[in-house]
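S.K.: After the structure tokens below, expect a handful of questions from me.
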Amino acid sequence: MTVSEPLIAGVELGGTKCIATLARGRKIVRQARWPTQSAATLDHVSNALTQWYGDTPFAGIGIASFGPIHVDLHHAAFGRMGNTPKPGWAGVNVRAHFADRFDIPIGIDTDVAGAALAEGAWGASQGCTVHGYVTIGTGVGFGLVVEGKAVHGHLHPEAGHLRIRRQVGDSFAGACPTHGDCLEGLVGGPALAARALVAVADLGEDDPLWEQVAGDISEWTTMMILALSPQRLVMGGGVMQARPHLLPMICKRTAALLNGYIEDLDEAALEKIIVHPGLGVDTGPLGAVLLGQRAVTIQARDRMDNI
Ligand code: ADP
Ligand code: ZN
């Protein structure tokens with residue numbers, strides 16, 4: 001930490017929980033959480049931030065949100081939630097909620113873009129020019145960073161919804177309401193609950209379902225490696241966190257699928273590319289903080305340019 005790092009409030013808006021964090025750089029000084037229910041959850045968060053601001057004013061706010069969400073600064077819909085299946089949230093302008101209450105810089109991006117940027121700044125992806133962050137939780141999300149910038153184009157990557165080559169003999173129809181058997185439809189929380197014969201939390205490490213899940217994820221990591229050539233692919237989210245034994249299975253199967261085509265990417269090399277988050281459970285909250293820190297930097301730079 002350097003003395004120049006400002007105090008920032010980060011809001012990680014997840015599909016199931018919302019975490020507000022006050023931090024200086026990667027050092028967390030205060031935190032609060034709420035279940036994500038209706039869009040009224042935003043009132044709980046902004047009320048808490050108002051109280052925090054009264055105690056110790058912070059320089060900016062970062063919002064790392066579930067999506068799809070409009071993240072293009074120059075788009076009229078900037079900060080607005082897109083066509084999310086989460087009841088009551090489609091069309092809500094998350095950024096405007098905070099901008100109406102705080103006259104300080106406010107940054108917003110997807111939760112996975114924030115997480116990827118935080119891993120790049122402080123975690124497992126430091127020094128990488130191309131790196132991604134994957135969450136495998138209730139949903140499957142993917143954020144991609146190239147040369148320090150989260151990739152945005154028409155919208156932002158939604159690679160968790162890619163369809164993958166199915167495992168031989170697996171006829172599970174998939175649980176994604178939009179695509180059925182996309183990756184999220186095969187390995188996200190609701191999919192695992194539908195595929196498992198007992199409660200997911202009670203599945204043993206040696207349950208055959210984990211071979212299926214590792215197989216499905218490996219089809220996807222193989223595509224990501226071939227399409228994007230990442231130097232790091234950080235695997236986070238509730239499923240990866242609760243089931244760390246999946247990671248070596250994924251590295252082994254990805255190596256087998258690549259089949260030596262990229263000559264130096266054997267299993268040992270992939271174990272250095274496909275990794276757990278370096279920031280552990282703080283990746284998401286620090287992702288939001290980083291987005292706020294960037295918003296403050298960008299505004300300061302714009303002010304300098306206008307002098
Ligand atoms: P979200 O994706 O909702 O933001 P998380 O990343 O924390 O939240 O992931 C929550 C998901 O983690 C749950 O939907 C569940 O599928 C999964 N999970 C939680 N505990 C376990 C477990 N013991 N084994 C496998 N999966 C688990
Ligand atoms: Zn889908």
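S.K.: Working only within the range 232-261, note down all residues that are more than 16 Å from ligand 1 (Cβ to nearest atom) and surrounded by fewer than 14 Cβ atoms within 10 Å (Cβ to Cβ). Before the answer, list the steps.
M.R.: Of the residues in the range 232-261, the ones more than 16 Å from ligand 1 (Cβ to nearest atom) are 232-233, 248, 251-261.
Answer for the range 232-261, where residues must be more than 16 Å from ligand 1 (Cβ to nearest atom) and surrounded by fewer than 14 Cβ atoms within 10 Å (Cβ to Cβ): A256, N259, G260, Y261.
S.K.: Residues to consider are V200, V296, V213, V239; find the one that is under 24 Å from A118 (Cβ atoms) and in contact with a helix residue (DSSP H, G or I) (Cβ under 8 Å, 6 or more places away or on another chain).
M.R.: Only one candidate qualifies: V239.
S.K.: So which pairs qualify, if the first residue must be in the range 182-197 and assigned by TED's automatic domain parsing to the domain that holds W210, the second must be aromatic (F, W, Y) and more than 11 Å from ligand 2 (Cβ to nearest atom), the Cβ gap must be under 8 Å, and the two must be at least 6 apart or on different chains?
M.R.: Correct list of pairs: L183/W220; L186/F172; A191/F172; A194/F172; R195/F172.
S.K.: Next up: Which of (1) within 15 Å of ligand 2 (Cβ to nearest atom); (2) hydrophobic (A, V, I, L, M, F, W, C); (3) out of contact with any Pro (no Cβ under 7 Å at 6 or more places or on another chain) is the odd one out, the single condition F142 does not satisfy?
M.R.: (3)
S.K.: Let me ask another. Return yes or no: is G67 in a loop (DSSP other than H, G, I, E, B) and under 24 Å from the mean Cα position of the chain (by Cα)?
M.R.: Here the answer is yes, as G67 does meet what is asked.
S.K.: Quick one: how many residues across the range 254-307 are farther than 24 Å from R165 by Cα, in contact (Cβ under 8 Å) with a residue 12 or more places away in the chain and acidic (D, E)?
M.R.: Residues flagged as farther than 24 Å from R165 by Cα, in contact (Cβ under 8 Å) with a residue 12 or more places away in the chain and acidic (D, E) within the range 254-307 amount to 1.
S.K.: When only residues in the range 65-89 that are surrounded by fewer than 13 Cβ atoms within 10 Å (Cβ to Cβ) and farther than 22 Å from T297 by Cβ count, which is modelled with the lowest pLDDT?
M.R.: Selected residue: P85.
S.K.: Of the numbered conditions (1) within 15 Å of ligand 1 (Cβ to nearest atom); (2) over 15 Å from the mean Cα position of the chain (by Cα), H161 satisfies every one except a single condition; which is it?
M.R.: All conditions are met except number (2).
S.K.: Taking the residues in the range 172-215 that are outside any helix (DSSP H, G or I) and under 13 Å from G160 (Cβ atoms) as candidates, determine which candidate is nearest to ligand 1 (Cβ to nearest atom).
M.R.: Once the filter is applied, the top-ranked residue is G188.
S.K.: When you go through (1) surrounded by fewer than 14 Cβ atoms within 10 Å (Cβ to Cβ); (2) part of a loop (DSSP other than H, G, I, E, B) one by one for R166, which number turns out not to apply?
M.R.: So R166 meets the others, but not (1).
S.K.: Okay, moving on. Tell me, yes or no, whether the range 147-166 has at least one residue that is within 22 Å of L270 (Cα to Cα) and touching a Ser or Thr at 6+ places or on another chain (Cβ under 7 Å).
M.R.: There is at least one residue in the range 147-166 that is within 22 Å of L270 (Cα to Cα) and touching a Ser or Thr at 6+ places or on another chain (Cβ under 7 Å).
S.K.: Might you check whether a residue that is buried (at least 16 other Cβ atoms within 10 Å of the Cβ) and within 30 Å of E271 (Cβ to Cβ) occurs anywhere in the range 90-109?
M.R.: Yes.
The values are calculated or read from the model by the stated rules, or taken from the named source; none is laboratory data. Computed from a predicted model, the values in this text were never measured in an experiment. Here Cβ is always computed from backbone atoms with ideal geometry, including for glycine, and neighbour counts include all displayed protein chains.
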